[in-house]
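Reading through the structure tokens given below for one structure.
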Amino acid sequence: MQIGCTKKLLDYLKIQAVPVDTAIDPLFSWSANMIMVNQRRTIVVSNDASRYAFILYGIKRGDVKNIEILLLEGVRACLETMCFAPSIIEQYFQDCGEQVTFSKTANRSVVAGLNNVCEHAYFFFNRYSPEVLLQRQVIRYLNTNFLTVKTTEGSGYVHISDKFSSDIEQKYGQPLFRCKAAVFDVDLELDSTCHRRVLIPLNCTFREFHNVLQTLFGWLNHHLHDFWIERHPNGRLKYTLTGFPREFEEEGETTKDDSLVFLHDVFPQYREIIYNYDFGDSWIVHIRLHEIVDDYDKNHPVCLDWEGEAPPEDVGGRYGYAELLGILKNPEDPEYKDMMEWYRGSRHQLFDLGYVNRRLRNW
């Protein structure tokens, strides 16, 4: 596998570059640069054909001796994040070779693309974790940018992830995707039914799962959240995943960053967990594992079924929502006009399965 490095990175690695092999298909060639993010050395690596990228964050001198292993691990993480079939992943490594060679960057076009990826990488400075070098949890976010491509009508734009997927498909054909996924029954505690059934790859983080749940309920991610994984026999929380930093943990409670824990780390060991959103309104969502799917043929979530509307943000919790519904059903109520005006300004939308699945397609 050819890794084209900038002079800055080559100097840091203290590696003598070999000549660039221009005969290598850009699909099998990657380029790398080193930048500073949060005062930490960060290596940004992108594919020469599609700019699909990954991040090594907080590199130190002691990590240099393992740089080849780290780079190969990063490329594999990209392929796995895309949910490519295991047979395609193994064929890719056979075709590009698992022996890493370091060259200078291939050409100006590749350097321009790499610089663009580096600029994009700065936007996610608050998502990087010092606990790990390979930032698997940001791979999907990092590759949501657009790429200019030539078309029969001139030029157009395509998501970097879609370009990477298209390149792999042209090389290896179908079936392109195959991964382990899970079907969850998701129920919001209300006086009425509010149910969603969703199929989602197990290689996503709980932070990404949080975003999926926001889409399923039409919420706007305005508030804090956490996941309650396990309780002590006395009912106190034992194992929690959180989306915000805590100064300390409660005695007997283990708290982890939900962006660093993947669904496959929790399921199927646990069959039911709780998602707690908006600590003021306190929305309690029961998430029950329905089944594991071993050969899911997509790389994104799909809402399979639904029943009942979800409440809007900031309505005052379960009882505030019940009060809102009661007022809106009675135009003669003295508060009807004010509440209707508030509801229209809440930007809340009624559930539309097609719209939700289009949003989940680009999660």
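Where a number appears in this text, it was derived from the coordinates with a stated rule and is not lab data. A quick note: this is a predicted structure, and the numbers were derived from the prediction, not measured. Glycine gets a Cβ as well: all are built from the backbone with ideal geometry, and neighbour counts include every protein chain shown.
Taking a ≥ b ≥ c as the square roots of the Cα gyration tensor eigenvalues, with a/c under 1.5 meaning rounded and otherwise prolate when a/b beats b/c, else oblate, which class fits the range 114-259?
Working: a/c = 2.27, a/b = 1.67, b/c = 1.36.
Taking the square roots of the gyration eigenvalues as a ≥ b ≥ c, the range 114-259 is prolate.
Report Rg/Rh for the range 191-232, rounded to two decimals, where Rg is the Cα radius of gyration and Rh the Kirkwood radius. Numbers along the way, then the final one.
Working: Rg = 12.1 Å, Rh = 12.2 Å.
Checking Rg against Rh, the ratio lands at 0.99.
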Of all trypsin sites (Lys or Arg not before Pro) in the range 245-288, which ones are in loop regions per DSSP and have a Cβ with at most 13 other Cβ atoms within 10 Å? R246, R271
Size of electric dipole in the chain: Cβ of Lys, Arg +1 and of Asp, Glu -1, about Cα centre, debye, nearest 20: 1720
Of L353, P175, L237, which is farthest towards the positive pole of the chain's charge dipole, taken about the Cα centre with +1 and -1 on the beta-carbons of Lys, Arg and Asp, Glu respectively? P175
Separation of the range 94-163 and the range 288-363 by C-alpha centroid, Å? 35
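When the expected Rg is taken as 2.2 N^0.38 Å, what fraction or multiple of it is the alpha-carbon Rg of the range 215-363?
Numbers: Rg = 18.3 Å, N = 149, 2.2 N^0.38 = 14.7 Å.
For the range 215-363, the normalised Cα radius of gyration is 1.24.
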With runs of 4+ DSSP H residues as the only contributors, calculate the mean residue ellipticity of the chain at 222 nm using -39,500 (n - 2.57) per run, divided by the residue total and rounded to the nearest 500. -9000 deg cm²/dmol
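Return the percentage of antiparallel bridges among DSSP beta bridges fully within the range 2-172, rounded to the nearest 5 %. Walk me through the numbers on the way to the answer.
Values: 20 of 29 bridges.
If we restrict to bridges inside the range 2-172, about 70 percent are antiparallel.
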For the chain, what proportion of DSSP beta bridges, expressed in % and rounded to the nearest 5, is antiparallel? 80
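Please check the chain for the longest run free of GluC sites (Glu not before Pro) that are loop-located per DSSP (anything but H, G, I, E, B) and have at most 14 other Cβ atoms within 10 Å.
Values: sites that count: E98, E131, E153, E189, E247, E249, E250, E251, E332, E335.
The reported range is 1-97.
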Among V302, V149, V37, determine the one that fluctuates most according to a GNM of the chain built with springs between C-alpha atoms less than 10 Å apart. V149
When only C-alpha pairs under 8 Å and at least 6 residues apart count, what is the relative contact order of the range 179-361, in percent? 30
Report, in debye and to the nearest 20, how large the dipole of the range 1-59 comes out about its Cα centre when Lys and Arg carry +1 and Asp and Glu carry -1 on their Cβ. 360
With the dipole of the range 2-172 worked out from charges on the C-beta (+1 for Lys and Arg, -1 for Asp and Glu) around the Cα centre, which of I88, P130, L56 lies farthest toward the positive end? P130
Which one, F28, L289, L199, is farthest towards the positive end of the dipole of the chain when Lys and Arg carry +1 and Asp and Glu -1 on their Cβ? F28
Where Rh is the Kirkwood radius over Cα pairs, Rg/Rh for the range 2-172: 0.94
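Going by a ≥ b ≥ c, the root eigenvalues of the Cα gyration tensor, does the range 1-67 fall in the rounded group (a/c under 1.5), the prolate group (a/b larger than b/c) or the oblate group? Provide the component values of the computation, followed by the final result.
Details: a/c = 2.36, a/b = 1.47, b/c = 1.61.
Because a/c hits 1.5 or more and a/b fails to exceed b/c, the range 1-67 counts as oblate.
Over 21 Å between Cα atoms: which of K7/K163; K14/K60; K180/K298; K180/K238; K171/K298 fall into that group?
Details: K7/K163 28 Å; K14/K60 13 Å; K180/K298 10 Å; K180/K238 27 Å; K171/K298 18 Å.
Listed pairs above 21 Å: K7/K163; K180/K238.
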Rounded, prolate or oblate: which fits the range 173-291, taking a ≥ b ≥ c as square roots of the Cα gyration tensor eigenvalues, rounded meaning a/c under 1.5, else prolate when a/b beats b/c? prolate
Can you give me the distance in nm between label points at H159 and H232, each placed 7 Å from the Cα along the Cα-to-Cβ direction? 4.3
Sorted by chain and number, the residues with a modelled amide H under 5 Å from that of S259, at a separation of 5 or more or across chains, are R207
Label-to-label distance, nm, for residues given as D191 and R108 (7 Å Cα→Cβ offset): 6.9
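With a cut-off of 8 Å between alpha carbons and a minimum separation of six or more residues, what is the relative contact order of the chain in percent? Walk me through the numbers before you get to the answer.
On the way: 634 pairs, mean separation 56.4, N = 363.
RCO, the chain: 16 percent.
Give the dimensionless ratio obtained when the Cα radius of gyration of the chain is divided by 2.2 N^0.38 Å.
Numbers: Rg = 23.3 Å, N = 363, 2.2 N^0.38 = 20.7 Å.
Normalised Rg, Cα atoms only: 1.13.
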Let me know the charge dipole size of the range 225-291 about its Cα centre in debye, to the nearest 20, where only the beta-carbon of Lys, Arg (+1) and Asp, Glu (-1) is charged. 260
Bridge orientation stat for the range 1-83 from DSSP, antiparallel percent rounded to 5, came to 75
